[in-house]
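What follows is a single structure, written as structure tokens, with notes after it.
The values are calculated or read from the model by the stated rules, or taken from the named source; none is laboratory data. From a predicted model like this one, the values you see are computed outputs, not experimental measurements. Counting neighbours? That spans all protein chains shown, and the Cβs are built from the backbone with ideal geometry, glycine included.
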Amino acid sequence: MKRLIKILWCAPFTVNVIVCLAVMSACSNVALAQAKRPGANIIATIVLGELPQTPIYWHLDVYPTRAAAEAAKGARSTVVEAFDQVWLFTLAEAEWRSTGGNRTATIGPLPLGVGGGNFTASYLQAATPPGFQTDVHQHSGPEALYTLSGEVCVETPQGKQVGRGGGEPLLIASGQPMQLTSVGAEIRRSFVLVLHDSSQAWKVPASSWTPKELCAGS
């Protein structure tokens, strides 16, 4: 009888473990599918509030472990794991330096304008094949685009910019309608920062402007 009771008591526990493992596996598969989905996927969203009046730059540092990156965080830093590396993203003055990391890029000053207000930083990773094209959209704050590999062409009413792996980052001012196209011959891998008004979504449609397909020949 004692053995029977023990077996019956363990059965619900075993079922629960199996259910939990199944749920974890399903969630992991969903996350993996989202990471592999073409386009720009949000990897971190940080509510910043008001920013200082001094020029702000986006600093990108690589660390060997997440623990090391977490230990080096500043007041407006966040840690992400993307493209098989651990990254520390920080919004700070030009002179800001992390401890123990490998500085990959310093981008800015970010064109914030003079309006002030409360800001949110939306960080995205993009992995898109040649020919991939976004919808026509705009942001309520500046966008910075850092390309690790491949090429991306950004068309706005002012013309076009092309970002290449190892080249200069792209900066797009607030309120600019835009369309991004992956060009070249390889997968475009980029990080994107959209520093936008906290009361608005990170991206909104810009249907009043029609691109001239300037990126088609890039």
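See the values below:
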{"read-out": "Count of the range 72-82 residues which are surrounded by fewer than 14 Cβ atoms within 10 Å (Cβ to Cβ) and not in a strand (DSSP E or B)", "value": "1"}
{"read-out": "Number of positions in the range 104-144 that are among the small types (Gly, Ala, Ser) and assigned to a strand (DSSP E or B)", "value": "6"}
{"read-out": "Residue list for the range 107-118, filter: in contact with a strand residue (DSSP E or B) (Cβ under 7 Å, 6 or more places away or on another chain), under 17 Å from residue 193 (Cα atoms) and surrounded by fewer than 18 Cβ atoms within 10 Å (Cβ to Cβ)", "value": "109, 111, 118"}
{"read-out": "Set 147, 181: member being over 24 Å from residue 119 (Cα atoms) and either more than 17 Å from the chain's Cα centre (by Cα) or assigned to a strand (DSSP E or B) (or both)", "value": "181"}
{"read-out": "Residue within the range 195-214 that is assigned to a strand (DSSP E or B) and either among the aromatic types (Phe, Trp, Tyr) or within 21 Å of residue 82 (Cβ to Cβ) (or both) present", "value": "yes"}
{"read-out": "Residue in the range 162-176 that is in contact with a Cys (Cβ under 7 Å, 6 or more places away or on another chain), crowded, with 21+ Cβ neighbours inside 10 Å and touching a residue at least 12 places away in the same chain (Cβ under 8 Å) present", "value": "no"}
{"read-out": "Residue in the range 200-218 that is within 19 Å of residue 44 (Cβ to Cβ), surrounded by 21 or more Cβ atoms within 10 Å (Cβ to Cβ) and in contact (Cβ under 8 Å) with a residue 12 or more places away in the chain present", "value": "yes"}
{"read-out": "Number of the exception - residue 155 against (1) assigned to a strand (DSSP E or B); (2) at positive phi", "value": "(2)"}
{"read-out": "Counted residues, the range 63-90 - those being more than 20 Å from residue 41 (Cα to Cα), of a type outside the set (Ser, Thr, Tyr) and at pLDDT 95 or above", "value": "10"}
